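Asks: First, the structure itself, so that you have it in front of you.
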Amino acid sequence: MGVGILASRAIRPASRLLRSQHSNLILRTIVSKPELQSPEAAAVSQPEPPKNQILPPRNPVGGARVHFSNPEDAIEVFVDGYAVKVPKGFTVLQACEVAGVDIPRFCYHSRLSIAGNCRMCLVEVEKSPKPVASCAMPALPGMKIKTDTPIAKKAREGVMEFLLMNHPLDCPICDQGGECDLQDQSMAFGSDRGRFTEMKRSVVDKNLGPLVKTVMTRCIQCTRCVRFASEVAGVQDLGMLGRGSGEEIGTYVEKLMTSELSGNVIDICPVGALTSKPFAFKARNWELKGTETIDVSDAVGSNIRVDSRGPEVMRIIPRLNEDINEEWISDKTRFSYDGLKRQRLSDPMIRDSDGRFKAVSWRDALAVVGDIIHQVKSDEIVGIAGQLSDAESMMVLKDFVNRMGSDNVWCEGTAVGVDADLRSSYLMNTSISGLENADVFLLVGTQPRVEAAMVNARICKTVRASNAKVAYIGPPADFNYDCKHLGTGPDTLKEIAEGRHPFCSTLKNAKNPAIIVGAGLFNRTDKDAVLSAVESIAQANNVVRPDWNGLNYLLLYAAQAAALDLGLIQQSAKALESAKFVYLMGADDVDVGKIPKDAFVVYQGHHGDKAVYRANVILPASAFTEKEGTYENTEGFTQQTVPAVPTVGDARDDWKIVRALSEVSGVNLPYNSIEGVRSRIKNVAPNLVHTDEREPAAFGPSLKPECKETMSTTPFKPVVENFYMTNAITRASKIMAQCSAVLLKK
Amino acid sequence: MAAPFTLRKIGVPPNSANLTEARRRVFDFFRAACRSIPTVMDIYNLQDVVAPSQLRFAISAQIRNNAHVTDPKVIDLLLFKGMEELTDIVDHAKQRHHIIGQYVVGEGLVQNTGSKDQGKSDFLKNFYTSNYF
């Protein structure tokens, strides 16, 4: 500024007239220095940092840990003067991340292949004529990387300017505002003014379905969605059409994105080109409160973050969990939240003599149930837990029913004869992350794509990374990776068990074979024969070893693993037909026709789904977003949900209702707080109390007795008819209804 | 009949020096309140609803509620609040339903419905109130 004032004084005309006008203004002329003209000159004029400076220690970005698979192969590189050791195959960007420097990027994603087309990650490397794309350049030993030099900064400003040239001024109406990579990086790394004065180009929107909203004008052609769809989802739906400024992302044919992982492109897209259609224009991200919880729509237990505004759930976003769901969630998890607002039970109700329900107070409802339960004989009492029940409520239900003298309490989905003695006979023994090490998969009677989408994503990842072979026995289905269809029923299974099938050689030569059996097989009458055939295949091919247990069972419902751990199994087949008092705790898949006409049915749940129409008394409970419950996923990993929104109306938590009912009925359960329930669970199944830990099964299948039954020839049937409508919440959801009308393959 | 009692507006009295003086003040307040009962019954037409003895019982129950207090300054403050309430009632600043709801103990009123939950545990009482306990 001083130079400018002096210069202006020199060139100001020394006439009195003008001086009087300008005396109260200080004319400032713009003076330029050689350092400001070009980045190279600025680099030259910067003072050298003193040698042997003691630099403060640095932590990797985001608290990441670096895994050295081969410690001798570590290279040393220098990032901004700081020496870091990285494994051999690391790129410059990854090396900078280890050194704690976060380099801006648009097209690079740690779980997708490298594209290198956005050029935002340019950094300066010594002895290189031009800045290098750090996401693509491998780190060589002794490389000196500089990320905050004027050249790197100028490169970033330039890239930002180019990206913003054709980008529409949509921030006020764009849903990504507030969480947009383009906004954040232009504030941090962009220049303050642009030089574009022509007309911006616009692109026609594509219809990708009822879930993903596209505004393709905002697309910056980073190709993250294209790479995601082809690599992680396994469907080659999206592609880049055209060249230059006319490039468009689309499906080319008028095709909807029918993949069950299609909602993840919404998270991946750095700008507002692909956004969530149900969440469009509903809320801004800064007014939402995020609660980290667990999803219960299937048995995987994906980690989610529920964004809520007041009492309403606005959207569901995935959370990072390397072992279970990485960074993805299925469409059902992501979009079924609007079922939480429809058809909710909010008051206790009793069915009147004219058949209609009347809302009553809790006192009256519990008093009525407590009266009736004493008028029936003990073995006519039946308790059925639903597919979304948490471990605490199932424990209290089992205790209550047992103290009333009855043994008939089970979880829906477990047929007669399923025994829960050995945990290895109903869990995914290779954990979900362990499936990545398998090289041959045999899927028996299961369709992981609709039963547990995240397990399917993991198999897809393994197939893609190490060319694993997949074969399946069951009804013909669509898979998003190459797999062989061996057969449809137990006959094929017998052939493989006896060694007559050509697939047996593949199994024998596999280093880590994995067999995944679907829990739908538990409902078959010849279940024992089928499972013993599977076990003989496992034994013949060395599938179960001390270091690798490849015999897995894929459960269908979130409550099944915990139910089997707690001992909620069906002892007698005729229990339901001869029942006089039926307590349905969220059980909607029960065959209502089997309940006798004179039985007294109590339904405790959060949605008015199928079983409510048969109930005599309704007790409203809270849904998974409103309660703190323990859920165990299909691999034995215990997790807890956290309440994100308050309960609806007069609803209570499930376990509290059963505990209050027990007190009104005169049965005194020895606990009255959630800690008491958990200490009771600790006595029965201590792994359910250790949250965020996976408890593997202790014994292998070798302890099971021999089975003498014969297999029937009925082929395996698909368990999940409609992927989008499997539980009470999804059946009440409008978005799921739209999806099942439009996106299901006919 | 004796001359009707008039509640004279006394300015803020100085703090009581010790417990004896505070005790004396409490009894003076009780006497003043009981002497204004006929006026109150007349103003709010409580002749058929309640008997004077019941109102006296209500006042003494409120005072007995705070019988455990020993600090003279706290007693002074409670008396100040009580005097304020009494002045409001006598000045017809309240209405009939306030008096009946707050001071008349009878059937179906808030004070009497506690008997239903007598034999029940804390868990059940909390359960009937709300989900969060």
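Asks: Tell me which residues, restricted to segment A:219-257, are farther than 22 Å from A:Ile317 by Cβ and either of a type in the set (Phe, Trp, Tyr) or in contact with an Asp or Glu (Cβ under 8 Å, 6 or more places away or on another chain) (or both).
Replies: A:Gln221, A:Met240, A:Leu241, A:Gly242, A:Thr251, A:Tyr252, A:Lys255
Asks: Checking the conditions here, which among B:Thr87, B:Thr39 is part of a helix (DSSP H, G or I), touching a residue at least 60 places away in the same chain (Cβ under 8 Å) and among the β-branched types (Val, Ile, Thr)?
Replies: Going through B:Thr87, B:Thr39 in turn, the sole match is B:Thr87.
Asks: Sticking with this one: Among (1) under 29 Å from the mean Cα position of the chain (by Cα); (2) within 13 Å of chain B (Cβ to nearest Cβ); (3) surrounded by fewer than 24 Cβ atoms within 10 Å (Cβ to Cβ), where does A:Ala623 come up short?
Replies: Condition (3) is where A:Ala623 drops out.
Asks: If you check A:Val61, A:Val84, which single one turns out to be at pLDDT 90 or above and surrounded by 13 or more Cβ atoms within 10 Å (Cβ to Cβ)?
Replies: Only one candidate qualifies: A:Val84.
Asks: Run A:Lys610 past the list (1) within 14 Å of chain B (Cβ to nearest Cβ); (2) farther than 15 Å from A:Val658 by Cα and report the number of the one that doesn't hold.
Replies: Here A:Lys610 clears every test but (1).
Asks: Moving to a separate point now. For A:Val463, state whether it is under 30 Å from A:Trp410 (Cβ atoms) and in a helix (DSSP H, G or I).
Replies: No, not satisfied.
Asks: Then there's this: Any idea how many residues of segment A:704-746 are surrounded by fewer than 21 Cβ atoms within 10 Å (Cβ to Cβ) and over 22 Å from A:Asn523 (Cα atoms)?
Replies: Qualifying residue count, segment A:704-746: 10.
Asks: Also: Just to verify a result, which residue in segment A:509-540, among those that are within 18 Å of A:Asn467 (Cβ to Cβ) and out of contact with any strand residue (DSSP E or B) (no Cβ under 6 Å at 6 or more places or on another chain), is surrounded by the most Cβ atoms within 10 Å (Cβ to Cβ)? Quick ask: steps written out before the conclusion?
Replies: First, the residues of segment A:509-540 that are within 18 Å of A:Asn467 (Cβ to Cβ): A:509-514.
Going one step further and asking which of them are out of contact with any strand residue (DSSP E or B) (no Cβ under 6 Å at 6 or more places or on another chain), we end up with A:509, A:511-512.
Working: A:Asn509: 11, A:Lys511: 10, A:Asn512: 19.
Within segment A:509-540, the match that is surrounded by the most Cβ atoms within 10 Å (Cβ to Cβ) is A:Asn512.
Asks: Applying the selection to segment A:303-314, what residues are closer than 19 Å to A:Arg344 by Cβ and assigned to a strand (DSSP E or B)?
Replies: Across segment A:303-314, the qualifying residues are A:Val306, A:Ser308, A:Arg309, A:Glu312, A:Val313, A:Met314.
Asks: Sticking with this structure for a sec: State the number of residues belonging to segment A:641-680 that are of a type in the set (S, T, N, Q), more than 10 Å from chain B (Cβ to nearest Cβ) and surrounded by fewer than 19 Cβ atoms within 10 Å (Cβ to Cβ).
Replies: Adding up the residues that qualify gives 1.
Asks: Out of curiosity, is A:Gly339 within 30 Å of A:Ala611 (Cα to Cα) and either within 17 Å of the chain's Cα centre (by Cα) or within 14 Å of chain B (Cβ to nearest Cβ) (or both)?
Replies: When the stated conditions are applied, A:Gly339 does not pass them.
Asks: Checking the condition at pLDDT below 95 and crowded, with 21+ Cβ neighbours inside 10 Å, which residue from A:Gly567, A:Gly550 passes?
Replies: After ruling out the rest, the residue left standing is A:Gly550.
Asks: Let me ask you something else. What are the residues in segment A:264-302 that are closer than 28 Å to A:Leu388 by Cα and not in a loop (DSSP other than H, G, I, E, B), if any?
Replies: Within segment A:264-302, A:Asn264, A:Val265, A:Ile266, A:Asp267, A:Ser276, A:Lys289, A:Gly290, A:Thr291, A:Glu292, A:Thr293, A:Ile294 qualify.
Asks: Sticking with this structure for a sec: Output the number of the condition that A:Gly234 fails; it satisfies all remaining conditions of (1) more than 28 Å from A:Thr147 (Cβ to Cβ); (2) in contact with a strand residue (DSSP E or B) (Cβ under 8 Å, 6 or more places away or on another chain); (3) modelled with pLDDT under 95.
Replies: It is condition (2) that A:Gly234 fails.
Asks: Return the residue satisfying two criteria in turn: it lies in segment A:608-629 and is modelled with pLDDT of 95 or more and outside any loop (DSSP other than H, G, I, E, B), and of such residues it is farthest from A:Thr430 (Cα to Cα).
Replies: A:Val617
Asks: Could you check segment A:288-319 and list, in sequence order, the residues that are of a type in the set (A, V, I, L, M, F, W, C) and either within 16 Å of A:Thr638 (Cα to Cα) or in contact (Cβ under 8 Å) with a residue 40 or more places away in the chain (or both)? Before you say what the answer is, go through the steps one by one.
Replies: We begin by selecting, within segment A:288-319, every residue of a type in the set (A, V, I, L, M, F, W, C); these are A:288, A:294, A:296, A:299-300, A:304, A:306, A:313-314, A:316-317.
Of everything in segment A:288-319, those that are of a type in the set (A, V, I, L, M, F, W, C) and either within 16 Å of A:Thr638 (Cα to Cα) or in contact (Cβ under 8 Å) with a residue 40 or more places away in the chain (or both) turn out to be A:Ile294, A:Val296, A:Ala299, A:Val300, A:Ile304, A:Val306, A:Val313, A:Ile317.
Asks: If I filter segment A:94-133 down to residues being touching a residue at least 24 places away in the same chain (Cβ under 8 Å), exposed (fewer than 15 other Cβ atoms within 10 Å of the Cβ) and within 30 Å of A:Gly234 (Cβ to Cβ), which single residue comes out as nearest to the chain's Cα centre (by Cα)?
Replies: It comes out as A:Arg111.
Asks: Answer yes if at least one residue in segment A:688-695 is within 14 Å of chain B (Cβ to nearest Cβ) and within 35 Å of the chain's Cα centre (by Cα), and no otherwise. Even if it seems obvious, please write down each step before you answer.
Replies: Of all residues in segment A:688-695, those within 14 Å of chain B (Cβ to nearest Cβ) come to none.
There is no residue in segment A:688-695 that is within 14 Å of chain B (Cβ to nearest Cβ) and within 35 Å of the chain's Cα centre (by Cα).
Asks: Out of all the residues in segment A:701-724, is one or more closer than 30 Å to A:Asp478 by Cα, free of Cβ contacts under 8 Å to residues at least 60 places away in the same chain, away from chain B (no Cβ under 12 Å) and within 23 Å of the chain's Cα centre (by Cα)? I'd like the intermediate steps shown before the answer.
Replies: If we filter segment A:701-724 for residues that are closer than 30 Å to A:Asp478 by Cα, which is where we start, we get A:711-724.
Filter once more, so that each one left must be free of Cβ contacts under 8 Å to residues at least 60 places away in the same chain: A:721-722.
Checking the rest, the ones that are also away from chain B (no Cβ under 12 Å) come to A:721-722.
Cutting the leftovers down to within 23 Å of the chain's Cα centre (by Cα) gives us A:721-722.
Yes: segment A:701-724 contains one or more residues that are closer than 30 Å to A:Asp478 by Cα, free of Cβ contacts under 8 Å to residues at least 60 places away in the same chain, away from chain B (no Cβ under 12 Å) and within 23 Å of the chain's Cα centre (by Cα).
Asks: Considering each of A:Tyr557, A:Tyr472 in turn, give the residue that is buried (at least 21 other Cβ atoms within 10 Å of the Cβ), at pLDDT 90 or above and over 30 Å from A:Ser389 (Cβ atoms).
Replies: Answer to the check: A:Tyr472.
Asks: In addition: Please pick out the residue among A:Glu126, A:Glu72, A:Glu76 that is touching a Gly at 6+ places or on another chain (Cβ under 8 Å), modelled with pLDDT under 95 and not polar (S, T, N, Q).
Replies: Going through A:Glu126, A:Glu72, A:Glu76 in turn, the sole match is A:Glu76.
Asks: Exactly one condition in (1) over 28 Å from the mean Cα position of the chain (by Cα); (2) crowded, with 19+ Cβ neighbours inside 10 Å; (3) among the polar types (S, T, N, Q) is not met by A:Thr91; state its number.
Replies: Here A:Thr91 clears every test but (1).
Asks: On to the next question. From A:Ser406, A:Ser393, A:Ser389, A:Ser361, grab the single residue that is within 14 Å of chain B (Cβ to nearest Cβ), touching an Asp or Glu at 6+ places or on another chain (Cβ under 7 Å) and of a type outside the set (Phe, Trp, Tyr).
Replies: A:Ser393
Asks: Next question. Within segment A:315-328, take every residue that is in contact with a strand residue (DSSP E or B) (Cβ under 8 Å, 6 or more places away or on another chain) and assigned to a loop (DSSP other than H, G, I, E, B) and give me the one that is surrounded by the fewest Cβ atoms within 10 Å (Cβ to Cβ).
Replies: Of everything passing the filter in segment A:315-328, A:Leu320 is surrounded by the fewest Cβ atoms within 10 Å (Cβ to Cβ).
The values are calculated or read from the model by the stated rules, or taken from the named source; none is laboratory data. Not measured: the values here are computed from a predicted model. Note: ideal-geometry Cβ built from the backbone for every residue, glycine included; neighbour counts use all protein chains shown.
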